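**Student:** Structure provided below as structure tokens; questions to follow.
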């Protein structure tokens, strides 16, 4: 999409099964995004170009998912001043996902990466929308309605369970 405001990137196409949840949420909120594979290790120049020029393309938030060593979110955050949300992905060579979680979470001072739970790309989509919603009433109202709907669903379930 050429009017994308959020970029969803991942280190490998195998991460798409996790990262799709962020895209699905942004589709639900009607927030334009772009989706790409950008490997910190296998395509470092592409990663550098992406992170350097994302803001020039109108990107306002970056969601970066990666497994294993999971350098992508931190490296992108080191290059851009845009907010970066890291999604640790439990990959086939992962140590129960802890390698990914800690690689993204343990960033040094000055290079923050907001980090969601393991495989929690939907939460990354919600957080990215919240960042935009802080200054855009339409998105804020959509998120408020989404949360109200969650509350109503829980109340319905509670009423079914109560004895």
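None of the figures in this text is laboratory data; all of them are computed from the coordinates on show. Being a predicted model, the structure only gives us computed values, none of them experimental. Note that we place each Cβ from the backbone using ideal geometry, even for glycine, and neighbour counts take in every protein chain shown.
**Student:** Calculate the FRET efficiency for residue 78 and residue 102 from the Cβ-Cβ distance with a Förster distance of 25 Å, rounded to the nearest 0.05. It would help to have the intermediate numbers written out before the result.
**Tutor:** Numbers: r = 17 Å, r/R0 = 0.68.
Once the sixth-power term is evaluated, E becomes 0.90.
**Student:** 7 Å from Cα along Cα→Cβ at both residue 13 and residue 95: what's the point-to-point distance in nm?
**Tutor:** 3.0 nm
**Student:** Still on this structure, I have one more. Explain nothing, just the number: relative contact order of region 6-136, from Cα pairs under 8 Å at least 6 residues apart, as a whole percent. Spell out each step's value before the answer.
**Tutor:** Values: 267 pairs, mean separation 36.9, N = 131.
Here the relative contact order equals 28 percent.
**Student:** Would you mind ranking 152, 72 so that the residue whose beta carbon has the fewest other beta carbons within 10 Å leads the list? Walk me through the intermediate numbers first.
**Tutor:** Numbers: 152 10, 72 32.
Ascending Cβ contact count within 10 Å gives the list 152, 72.
**Student:** Enumerate the residues in region 106-145 having an amide nitrogen under 19 Å from the point lying 7 Å beyond the Cα of residue 69 toward its Cβ.
**Tutor:** 106-108
**Student:** Which of [x] 16.2; [y] 18.2; [z] 17.5 is the computed Kirkwood radius over Cα pairs in Å for the structure on display?
**Tutor:** This structure yields the entry labelled [x].
**Student:** Another question about this same structure. How far apart, in nm, are two points set 7 Å out from the Cα along the Cα-to-Cβ line at residue 28 and at residue 156?
**Tutor:** The modelled label-to-label distance comes out at 1.3 nm.
**Student:** Turning to a different aspect of this structure: At 7 Å along Cα-to-Cβ for each site, give me the label-to-label distance between residue 36 and residue 53 in nm.
**Tutor:** Using points 7 Å along Cα→Cβ, the separation is 0.8 nm.
**Student:** So how do 22-30, 115-123 stack up, highest first, on mean other-Cβ count within 10 Å?
**Tutor:** Values: 22-30: 18.0, 115-123: 20.3.
Put in order of decreasing packing, that is 115-123, 22-30.
**Student:** Want the number for residue 130 to residue 148: 0.36 nm per residue separation, take away the alpha-carbon distance, what's left?
**Tutor:** On the way: separation 18, 0.36 × 18 = 6.48 nm, distance 1.48 nm.
Gain on extension, residue 130 to residue 148, equals 5.0 nm.
**Student:** If we sort 130-143, 51-64 on the protection proxy, mean other Cβ atoms within 10 Å, highest first, what's the order?
**Tutor:** Details: 130-143: 14.4, 51-64: 19.1.
Listed from highest to lowest mean packing, they are 51-64, 130-143.
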